[in-house]
Amino acid sequence: MPEVILPVLDEAEALPWVLGRMPGDFSPIVVDNGSTDGSGAVAARLGARVVTEPVRGFGSACWAGLTAAEDDVVCFMDADGSLDPVDLPRVSEPVAGGEVDLMLGARRAERGAWPGHARLANRLLMAEVRRRTTLSLSDLGPMRAAGRAALLRLGLADRRSGWPLEMVLRAHQLGWRVDEVPVPYRPRTGRSKVTGTVRGTLQAVGDMAALLR
């Protein structure tokens, strides 16, 4: 069954909803990236496989989950309640069916779900991606799916906020078929630690700008 990698940093409040809505044919891997609120214990109690990654960073957590995964198809998604696991089949099935190599879930935000500074940063970033590549993407897509073995061969090196962009750029360079499908994006549960804050958005922009350079 497809495995779903969920990078987690203090998401104990959101995890019951997220894991409770996980489709039955998807297997969650929760990567605890230094939580202090018992997120790992909550996830284990709810039946998820828990991997501990002490090195902080979104890319570090994603890489730990990827190397722990075993299925042919892996998905990634945020575990803060902003994305609904019931949408995972729309993202993963084209990959499992061999139609695309990397599928991104392009966010269609509800009111109040996506702070203005983060939305603007994403819009500018994707304009630059379209300028530099032949890809016609609108969003980096925090919900995404690809083949596990192929992802491991990409040689992704970023271990911070540049991980999602590096994956898209490397996939494009190697001739992967990259596409996107719209997915609903709702207000997250709890306090945002990255793109929901100006400081977090600036860090993400800095990491991604370094990759574009």
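Below are the figures for this structure:
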| read-out | value |
| --- | --- |
| Qualifying trypsin sites (Lys or Arg not before Pro) in the range 49-149, DSSP loop, other Cβ atoms within 10 Å at most 14 | Arg56, Arg111 |
| Estimated dipole of the chain in Debye, rounded to 20 [Cβ of Lys and Arg +1, of Asp and Glu -1, Cα centre] | 820 |
| Part-to-part distance (alpha-carbon centres) for the range 31-51 and the range 108-168, which is given in Å | 25 |
| Length released on extending from Asp72 to Ala44, taking residue separation times 0.36 nm less the Cα-Cα span | 7.8 nm |
| Low-density loop cleavage sites - GluC sites (Glu not before Pro) in the range 80-139, where at most 13 other Cβ are within 10 Å (DSSP) | Glu99, Glu110 |
| Positive dipole terminus of the chain, leading residue within Pro85, Ser35, Ser136 (C-beta point charges) | Ser136 |
| Computed FRET value (nearest 0.05) for Arg108 with Thr134, which takes r as the C-beta separation and R₀ as 35 Å | 0.90 |
| Net lengthening on full extension, Ala150/Glu93 (0.36 nm per residue, minus Cα-Cα) | 18.9 nm |
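Every number in this text was worked out from the coordinates using simple rules, so none of it is lab data. Only a predicted model underlies this, so the values are computations on that prediction, with no experimental measurement involved. So basically every Cβ, Gly included, is an ideal-geometry build from the backbone, and we count neighbours across all protein chains shown.
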